[in-house]
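The values are calculated or read from the model by the stated rules, or taken from the named source; none is laboratory data. The structure presented is a predicted model; accordingly, all values stated were derived computationally and were not measured. Backbone-built Cβ (ideal geometry, glycine too); neighbour counts: all protein chains shown.
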Amino acid sequence: MLLQEVLTELPANEVIQRARDFFTLRFTPYAGFTEEAGDSWIKFTTEAGDLTIGTGKQGERTLVRGSTSRMNHELSQFLSTLAPPEEVRQSVPGPGVSGAG
């Protein structure tokens, strides 16, 4: 499972609302249903799997992290709406994460 993150000027509640709108209003197989949510996080269930987005403060900005096993492209699309694409970062799984190596 890859993590992607971005720093944004938006407050956490607006990020969560934008995520809810972005993933529940899409007319694709990747449209999601809110499974659980809190003030600073939300978890969606889709046909392609689960997607979780969380927020936290980092200085004066909001750090937004997302994780998913199969919807990396869609998560990147969402995160790029919050900040310039060059600020969206992705973790690279190390040896052993997939069980191979």
**OP:** Go through GLY56, GLY99 for me and flag whichever is at pLDDT 95 or above and either in contact with a strand residue (DSSP E or B) (Cβ under 8 Å, 6 or more places away or on another chain) or at positive phi (or both).
**Re:** GLY56
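Out of LEU3, LEU10, I need the residue that is at pLDDT 85 or above, of a type in the set (A, V, I, L, M) and over 11 Å from the mean Cα position of the chain (by Cα). Which one?
Details: LEU3 fails: over 11 Å from the mean Cα position of the chain (by Cα).
None of the others qualify; the one that does is LEU10.
Being free of Cβ contacts under 8 Å to residues at least 24 places away in the same chain and either part of a loop (DSSP other than H, G, I, E, B) or among the acidic types (Asp, Glu) (or both) is the filter here, so list the residues in region 30-40 that pass it. Spell out the reasoning first.
Step one: list which residues in region 30-40 are free of Cβ contacts under 8 Å to residues at least 24 places away in the same chain, which gives 31-38.
The answer is ALA31, GLY32, GLU35, GLU36, GLY38.
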Original post:
If the Cβ limit is 6 Å and pairs must be 6+ apart or interchain, which residue in region 47-75 that is free of Cβ contacts under 8 Å to residues at least 40 places away in the same chain pairs with which residue that is small (Gly, Ala, Ser)?
Top reply: GLY49/SER69; THR52/SER67; ILE53/ALA19; ILE53/GLY66; ARG70/ALA48; ARG70/GLY49
Original post:
What tally of residues in region 1-17 results from selecting those that are exposed (fewer than 15 other Cβ atoms within 10 Å of the Cβ) and polar (S, T, N, Q)?
Top reply: 2
**OP:** Find all pairs meeting these conditions: Cβ atoms under 8 angstrom apart; at least six residues apart or on different chains; first residue within region 4-29 and closer than 19 Å to SER69 by Cβ and in contact (Cβ under 8 Å) with a residue 12 or more places away in the chain; second residue of a type in the set (D, E, K, R) and surrounded by fewer than 17 Cβ atoms within 10 Å (Cβ to Cβ).
**Re:** GLN4/ARG89; GLU5/ARG89; PRO29/GLU47
Original post:
Do we have VAL64 as at pLDDT 90 or above and surrounded by 19 or more Cβ atoms within 10 Å (Cβ to Cβ) here?
Top reply: yes
